[in-house]
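To start, the structure itself, in structure tokens.
Just so it is clear, none of the values below were taken in a lab; they were calculated from the coordinates. Keep in mind it's a predicted model, so treat the numbers as computed, not measured. Quick reminder, even Gly has a Cβ in these numbers, built from the backbone with ideal geometry, and neighbours come from all protein chains shown.
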Amino acid sequence: MTKRILDNTTHYFRVMAIGSGIYIDSDYSPVVSALNVIPLTPPTLGTVTATSSSTMSVSWSADTKANGYVIQYATNAAFTANVDTKTIDSQSTTSTVIEGLNGCQWQ
């Protein structure tokens, strides 16, 4: 019988050894839990447009399962220098303006 793993539900597991002959069954192991979660698909980055010498407009695709978005920006493509983020706390917002920039790369 196949049982379905429920999404976003914590499942608990334990195991015991079954004995035979002179060996008796073991106690159960300590309980371990696992949460089944589903990662969101990364949004598609749309247009990134300079609106001034230090301001960029950024757009991306919407994800109906998302609660918001994080835009990360930096001054190199490896995202190891001058990294910063802007958080958008809305599922329906799919564009924003980043201000105070100086030679950034986008991710």
| In order through the range 68-79: 3J(HN,Hα) via Karplus (6.51 cos²θ - 1.76 cosθ + 1.60), integer Hz, x for Gly, Pro | x, 9, 10, 9, 10, 9, 7, 9, 8, 5, 7, 6
| Neighbour net charge for Ile38 - beta-carbon separation under 15 angstrom, K R +1, D E -1 | 0
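Using a cut-off of 15 Å between beta-carbons, work out the net charge of the residues near Ser54 (Lys and Arg +1, Asp and Glu -1, Ser54 not included). Could you put the intermediate results ahead of the total?
On the way: positive: Lys86; negative: Asp84, Glu99.
Taking every Cβ under 15 Å from that of Ser54, the sum is -1.
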| field | From phi via Karplus (6.51, -1.76, 1.60), per-residue ³J(HN,Hα) for the range 40-45 in Hz, x at Gly/Pro | value | 6, 7, x, x, 8, 6
| Fully extended contour minus Cα-Cα distance, from Ser90 to Asn67, at 0.36 nm per residue | 7.7 nm
| For His11, net neighbour charge (Lys/Arg +1, Asp/Glu -1) across residues whose Cβ lies under 15 Å away | +2
